[in-house]
Amino acid sequence: MLELAGVSHVYPNGTRALDNVTLSIPRGMFGLLGPNGAGKSTLMRTIAGLQAPTSGSIRFGDIDVLAEPDMLRRTLGYLPQDFGVYPRISAYRMLDHMAVLKGVGNAGERRELVEHLLNQTNLWAVRGKAIAGFSGGMRQRFGIAQALIGNPELIIVDEPTAGLDPEERNRFLNLLAGIGENVVVILSTHIVDDVADLCPRMAVLAAGRVQLEGSPRELIGSI
Ligand code: ADP
Ligand code: ADP
């Protein structure tokens, strides 16, 4: 369970991006729905421990996220909205390299892990190709493979479906849904359909405030 209590964020220019956000996010897939500028990315970075809020508290299980961001990072998979530079090395080699950085044991264990992740994300056939040449959908799925390396209990995915065609979008959302009920998976999106079918719980964020919280079935009629 991830618990946010009274989280606010005011940027130095005075923009109040988060205004007293209180949310309890259970294990499983959770949709954070909101229009552009609602504060979703700010909230995702804040939960990831990358940006300290102006006020409020955040707990993930036993971890006080604001006091112990390093503890959180060990169990976090974060896929930011615009993730990084796309390397010219192969998907296989990049995952293997990241597994080394994450301290995944010996070469045999790494091979098993990397092969599993490539299969899980449907990238096995392109494992030898440079990530720089991947399509948007392939990049997003590769981002999930990367995020899963450390066996995280919290996965944060910020606006992953923007720019994906319908087929890639479905493939990506099904991949997220398959991660499992023991992991908190937070999907931020401005697309109602992204959360409607796959997220048992969701919240609507607008102007930095939680406007609604519940199951899509309860909420979608009222959006
Ligand atoms: P979303 O991800 O929902 O589009 P953001 O968290 O990116 O929302 O932005 C929320 C609000 O905070 C917007 O008004 C945005 O312009 C503002 N904002 C975001 N980042 C900064 C920043 N670094 N400095 C000042 N204002 C910012
Ligand atoms: P380079 O990018 O320098 O040519 P490779 O990516 O070919 O290096 O190899 C790095 C390691 O990753 C190799 O030891 C190999 O076992 C493994 N590897 C690389 N590509 C694949 C692949 N397509 N399938 C399985 N294993 C691979």
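The values are calculated or read from the model by the stated rules, or taken from the named source; none is laboratory data. If you're wondering where the values come from, they're calculated on a predicted model, not measured in any experiment. Note that we place each Cβ from the backbone using ideal geometry, even for glycine, and neighbour counts take in every protein chain shown. To get the accessible areas, we keep the full protein, side chains included, count just its heavy atoms, and leave off ligands, DNA and RNA. Shrake-Rupley method; radii C 1.70, N 1.55, O 1.52, S 1.80 Å.
Which value in deg cm²/dmol, rounded to the nearest 500, describes the helix-derived mean residue ellipticity at 222 nm for the chain, given -39,500 (n - 2.57) per DSSP H run of n ≥ 4 and division by the residue count? It would help to have the intermediate numbers written out before the result.
Values: 8 runs with 72 residues, N = 223.
Mean residue ellipticity, 222 nm, calculated: -9000 deg cm²/dmol.
Students often check this: by mean Cβ neighbours within 10 Å, which of 172-182, 202-212, 8-18, 138-148 ranks highest, and how do the rest follow?
Per-residue Cβ counts within 10 Å, averaged per peptide and sorted highest first, yield 138-148, 202-212, 172-182, 8-18.
If you place +1 on the Cβ of every Lys and Arg and -1 on the Cβ of every Asp and Glu, how big does the dipole about the Cα centre of the chain come out, in debye to the nearest 20? Mind showing how you got there, number by number?
Values: 21 positive and 23 negative charges, 110 e Å.
Once rounded to the nearest 20, the dipole reads 520 debye.
In terms of modelled amide H atoms, which long-range or inter-chain residues lie less than 5 Å from the amide H of GLN211?
Under 5 Å from the amide H of GLN211: VAL204, LEU205, ALA206.
If you plug each phi of segment 114-123 into the Karplus form 6.51 cos²θ - 1.76 cosθ + 1.60 with θ = phi - 60°, what whole-Hz ³J(HN,Hα) values come out, in order, with x for Gly and Pro?
4, 5, 4, 5, 5, 5, 4, 9, 6, 10
Output the antiparallel fraction of DSSP beta bridges having both residues in the chain, as a percent to the nearest 5.
Working: 19 of 38 bridges.
Counting DSSP beta bridges with both partners in the chain, the antiparallel share is about 50 percent.
For Cα pairs less than 8 Å apart in space and 6+ apart in sequence, what is the mean separation divided by the residue count of the chain, i.e. the relative contact order in percent?
Numbers: 421 pairs, mean separation 67.9, N = 223.
About 30 percent, as a whole number.
Which residues' amide hydrogens lie under 5 Å from the amide hydrogen of LEU66, considering only partners 5 or more residues apart or on another chain, with H built in the peptide plane?
ILE58
Quick check: at a probe of 1.4 Å, how many percent of the accessible area of the chain sits on carbon and sulfur atoms? Please report the intermediate quantities before stating the final value.
Details: 5150 of 10730 Å².
Carbon with sulfur: 48 percent of the solvent-accessible area.
With every protein chain kept in place and ligands, DNA and RNA left out, what is the accessible area per residue of the chain? Probe 1.4 Å, answer in Å². Don't skip to the answer; put the middle values down first.
Values: 10730 Å² over 223 residues.
With all protein chains present, the chain gives 48 Å² per residue.
Contour minus end-to-end for THR15 and ALA125, with contour as 0.36 nm per residue of separation and end-to-end as the Cα-Cα distance? Spell out each step's value before the answer.
Values: separation 110, 0.36 × 110 = 39.60 nm, distance 4.55 nm.
Full extension of this stretch gives 35.0 nm more.
Working with all protein chains in place, sort VAL126, VAL192, VAL184 by solvent-accessible area computed with a 1.4 Å probe, largest first. Write down the numbers at each step before the final one.
Details: VAL126 30, VAL192 50, VAL184 0 Å².
In descending accessible area the options line up as VAL192, VAL126, VAL184.
Skipping prolines and chain starts, which residues have an amide H placed within reach, meaning under 5 Å, of the one on ILE155, given they are 5 or more residues away or on another chain?
For ILE155, whose amide H was placed from the backbone, the distant partners under 5 Å are GLY77, VAL184, VAL185, ILE186.
Please state, as a whole number in µm²/s, the translational diffusion coefficient that the Stokes-Einstein equation yields for the chain at 10 °C and 1.306 mPa s, with Rh defined as the Kirkwood radius across alpha carbon pairs.
Numbers: Rh = 17.9 Å.
Estimated via Stokes-Einstein, D reaches 89 µm²/s.
Determine ³J(HN,Hα), in whole Hz, for all residues of segment 135-146 in sequence, where each value follows from phi through the Karplus function 6.51 cos²θ - 1.76 cosθ + 1.60 and θ = phi - 60°; x replaces Gly and Pro.
With coefficients 6.51, -1.76 and 1.60, one gets 6, x, x, 4, 4, 5, 5, 4, x, 5, 4, 4 Hz.
From the backbone phi of segment 59-72, what are the Karplus-calculated ³J(HN,Hα) couplings (6.51 cos²θ - 1.76 cosθ + 1.60, θ = phi - 60°) in whole Hz, Gly and Pro given as x?
For segment 59-72, the Karplus-derived couplings read 10, 10, x, 8, 8, 8, 4, 6, 7, 10, x, 5, 4, 5 Hz, x marking Gly and Pro.
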